[in-house]
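Worksheet: the structure to be examined is printed underneath.
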Amino acid sequence: MASVPLELADRFGRVARDLRVSLTDRCNLRCTYCMPAAGLEWIPTEQSLDDAEVIRLVGIGVEKLGIRSVRFTGGEPLLRRSLEDIVAATTRLRTDEGRAPATAITTNALGLDKRAAGLAAAGLDRINVSLDSTDRAAFAELTRRDRLGDVLAGIDAALEAGLSPVKVNSVVMPGVNEDSACDLVRFCLDRGLQLRFIEQMPLGPRGEWTREGMVTARDLLDRLAREFTLRPAAEPRGSAPAALWDVTDASGRSGKVGIIASVTHPFCGACDRTRLTTDGAVRSCLFSAAAEEVSLRDMMRAGASDDELAEAWAAAMWNKKPGHGIDDVGFLQPERTMSEIGG
């Protein structure tokens, strides 16, 4: 491919360097904040990107549009049997800086114990594991599946395979797992994991999210401060979504905990992300409306060249809004749920 002629810039001076790709909208858990108990109406296979299409678009993003890191998400990306092949193809690319893009997945870790070594061999750099509680009953209530042991086995396998740092993403829900937040911190300190608490966002079953009913970043910090010493981390945040805190327990063990306050303290002004949905649409924001998407899949299947796809992608990002608008009176929850978007 040619040298980078375009950037994924917008009108507000932001440039997207981080690509999130949803490889499937399917998942083998049914987390209450993400989807209903019966699941969703899945995108038909023929409408989803196939392996060659995923690899082509990732290649355009990296080698024509300045993408430097790629995260594969879902749904559950481990349900994509070809995940190792897609990762390997991605790591063979070279960024505008002349190096392989950083690669990661966000996963629920079911089955990761059997695939962590293969993913590491394919060139995967690191893993984020979604884990909302280390209490078996609370985990089962949140995910509607009694699979905590499988998640813990996956985390152990990721550590053994050297996929570090292993980060843990946790959504704290009122009356369900907020009382176990401190236990989750201790679990991560024990194992050298990097914990990230995430405010619940309106991207799950329609009509079930309210700002008043969520556990805020401030709520979490107040709760953690009862059992740990907290200090703001010294390192600059940059475009990272998490505000980091140095955490020390009563025995002197220390580590870092991140708080991703997407709702109460949005970081839209520093956002450097672009997203591809399971069916090949560009989304400039998690909260974009369907009318704002641009289907690269349809263009590919109609015979568009790489340059034409790159130009369409760049144009879609140029129109990115200044923020997600959750606080706006006219805010509407996106038609798509998180599993389709590639968060």
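Just so it is clear, none of the values below were taken in a lab; they were calculated from the coordinates. Just so it is clear, the model here is predicted, and its values are computed rather than measured. A quick note on method: Cβ atoms are made from the backbone with ideal geometry, for glycine too, and the neighbour counts reach across all protein chains shown.
Points worth noting:
- Using alpha-carbon coordinates, inclination of helix 181-191 to the longest axis of the chain, degrees: 80
- Peptides 109-116, 48-55, 68-75 ranked from most to least packed give 68-75, 109-116, 48-55, packing being the mean of other C-beta atoms within 10 angstrom over each peptide's residues.
- Prolate/oblate/rounded call for the range 1-143, Cα gyration tensor, a/c under 1.5 rounded: prolate
- Residue with peak Gaussian network fluctuation, the chain [Cα springs, cutoff 10 Å], from Pro236, Pro77, Pro174: Pro236
- Each residue in Ile155, Ile67 was given a count of other beta-carbon atoms within 10 angstrom of its own, and listing them fewest first yields Ile155, Ile67.
- Global geometry of the range 123-196, whether rounded, prolate or oblate, following the gyration tensor of its Cα atoms and the 1.5 cut on a/c: prolate
- Entry for percent of Cα pairs over 26 Å apart (calculated from the structure that is shown) out of [x] 52; [y] 56; [z] 48: [z]
- Between Ser251 and Glu41, the contour length at 0.36 nm per residue exceeds the Cα-Cα span by 70.7 nm.
- Under 29 Å from Lys114, Cα to Cα: lysines that are on another chain or at least 8 residues apart: Lys167, Lys256
- Efficiency of FRET from Cβ geometry, Ala270 and Arg144, R₀ 45 Å, rounded to 0.05: 0.80
- Highest-fluctuation residue, Thr106, Thr32, Thr278 considered, GNM on the chain with Cα pairs under 10 Å: Thr32
- Global form of the range 69-187, assessed from the alpha-carbon gyration tensor, a/c cut-off 1.5: prolate
- 3J(HN,Hα) along the range 94-105, derived from phi through the Karplus expression 6.51 cos²θ - 1.76 cosθ + 1.60 where θ = phi - 60°, amounts to 10, 7, 5, 8, x, 10, 5, x, 5, 10, 7, 10 Hz, with x in place of Gly and Pro.
- GNM top mover of Ser164, Ser284, Ser133 - the chain, alpha-carbon springs below 10 Å: Ser164
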